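Trainee: Before I ask anything, here is the structure I am working with.
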Amino acid sequence: MVLKYKTNQLPLTYQFVVANSKKSFAENVFVELRHENYIGYGEAAPSYFFHESPVTIKNFFEQIKPQLDDIPLAIDSIMEGFERKVRGNYSAKAAINMALFDLVGKKLSQPVYKVLGIKNQGTFFTSFTIGIDRLDIIEEKVAAVRNFPILKVKLGTKQDYEIIETIRKITDCPLRIDANEGWSKEEAVEKINWLEHQNVDLIEQPLPAKDFNGTKWVRERVNLPLFADESLTVSTDMEGLVGVFDGINIKLMKCGGITEALKMVKKARALNLKTMIGCFIESSLGITAAAHLAPLFDYMDLDGALLLKTDPFQGVKITNGQFTLPDLPGLGVQPLIFKTINQRQL
Ligand code: MG
């Protein structure tokens, strides 16, 4: 297999602010994996939270290059080989993993969800994220997505009550709250007990990632389900979450791709944890890869590409928060900006 890659800046419509970070563009790395006459596409959305950048991704690709032998169907063993050789680097692993699935689906002339044996169950609903902002801008953002069935609201600020009251002037749709580690435990209990009466479905990452004792203390005092995001990356982190959280947010970029996400969703069922499939700021390439797994999850948060000014890929079509699974072979994505990635061949 031949691997090429290219870093691309993805400007956002609005600056994206959450309790623990801020950005006005994403810098994602796109890969093209060629085998015979087929091309598989993949995307890495590096996160500084996990010490990743376009440079660490490039280094990862150089390290694993010798392991990209000529058997793209052996995805599990290729991923295990990466894991043995290089720790972490999950978004880089996710890029190669989704490119392998794209390649295999194209070779078999089947969409990825069918290759995985997943039953397509019609229409799915994703939340749309409202980042932290001035109240007048939040009002403008919410008015623009008033047809979305569910909103995910970023809190963890001094104005949390005002943010919710502003949103409630415009819509009474269900909300999912993400505090991105922004609350103390006392503050979390007070705010969650108020949010319970605001048509809120769940609370994501109320306290700092490692504060399991505090989260447990909060969970004993609130009724809304608590979801872990920053508190976990891969399947081996999951046992420790039982009794602390009610559910987990699984992201391809955080866990290393479709192969690991499947392991996690299966394990979550066994551990009685609810599941959400989430995303970083990604183009329709990364989002489409995640969308193929939608039928396995309780909640979907796949709005990353909708936050972009321009999307370099065409893939799953999300209209007013609703989507169906793509039925083209592979992931079902098409590059819009670059025909093939020609910056460098590794
Ligand atoms: Mg989150």
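Read-outs throughout are calculated quantities, based only on the coordinates presented, and are distinct from any laboratory measurement. Everything numeric here is computed off the predicted structure, so don't read it as measured data. Cβ placement follows ideal geometry from the backbone for every residue including glycine, while neighbour counts extend to all protein chains displayed.
Trainee: In segment 250-346, which helices (runs of 4 or more DSSP H) lie fully inside it and hold 1 or more residues that are farther than 18 Å from Thr129 by Cβ and of a type in the set (D, E, K, R)?
Mentor: 258-270
Residue-by-condition table, conditions (1) closer than 24 Å to Thr129 by Cα; (2) touching a helix residue (DSSP H, G or I) at 6+ places or on another chain (Cβ under 9 Å); (3) surrounded by fewer than 14 Cβ atoms within 10 Å (Cβ to Cβ):
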| residue | (1), (2), (3) |
| --- | --- |
| Val17 | yes, no, no |
| Phe30 | yes, yes, no |
| Arg34 | no, yes, no |
| Tyr38 | no, yes, no |
| Glu43 | yes, yes, no |
| Pro54 | no, no, no |
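Trainee: Another question, if that's okay. For segment 31-150, list the helices (runs of 4 or more DSSP H) that sit wholly inside it and hold at least 3 residues that are of a type in the set (A, V, I, L, M); which are they?
Mentor: 54-64, 75-85, 90-108, 135-144
Trainee: Regarding Lys169, is this residue more than 25 Å from the chain's Cα centre (by Cα) and either surrounded by fewer than 18 Cβ atoms within 10 Å (Cβ to Cβ) or within 16 Å of the ligand (Cβ to nearest atom) (or both)?
Mentor: yes
Trainee: Here's a follow-up. Is at least one residue of segment 142-159 in contact (Cβ under 8 Å) with a residue 24 or more places away in the chain, surrounded by fewer than 19 Cβ atoms within 10 Å (Cβ to Cβ) and over 25 Å from the mean Cα position of the chain (by Cα)?
Mentor: yes
Trainee: Something else now. Between Ile203, Ile258, Ile192, Ile287, which is in contact (Cβ under 8 Å) with a residue 12 or more places away in the chain, touching a helix residue (DSSP H, G or I) at 6+ places or on another chain (Cβ under 8 Å), within 14 Å of the ligand (Cβ to nearest atom) and among the β-branched types (Val, Ile, Thr)?
Mentor: Residue meeting the stated conditions: Ile203.
Trainee: Exactly one condition in (1) under 23 Å from Glu83 (Cα atoms); (2) under 15 Å from the mean Cα position of the chain (by Cα); (3) not aromatic (Phe, Trp, Tyr) is false for Lys266; which is it?
Mentor: (2)
Trainee: Is it the case that some residue within segment 96-116 is of a type outside the set (A, V, I, L, M, F, W, C) and in contact with a Leu (Cβ under 6 Å, 6 or more places away or on another chain)?
Mentor: yes
Trainee: Test each condition in (1) within 16 Å of the ligand (Cβ to nearest atom); (2) basic (Lys, Arg); (3) surrounded by fewer than 18 Cβ atoms within 10 Å (Cβ to Cβ) for Arg176 and report the one that comes out false.
Mentor: (3)
Trainee: Which one is farthest from the ligand (Cβ to nearest atom), of the residues in segment 216-228 that are under 23 Å from Met264 (Cα atoms) and out of contact with any Lys or Arg (no Cβ under 8 Å at 6 or more places or on another chain)?
Mentor: Lys216
Trainee: Hey, can you tell me all the residues within segment 172-226 that are of a type in the set (Val, Ile, Thr) and assigned to a helix (DSSP H, G or I)?
Mentor: Val189, Ile192, Thr215, Val218
Trainee: Of the conditions (1) assigned to a loop (DSSP other than H, G, I, E, B); (2) more than 16 Å from the ligand (Cβ to nearest atom), Ser231 satisfies every one except a single condition; which number is it?
Mentor: (2)
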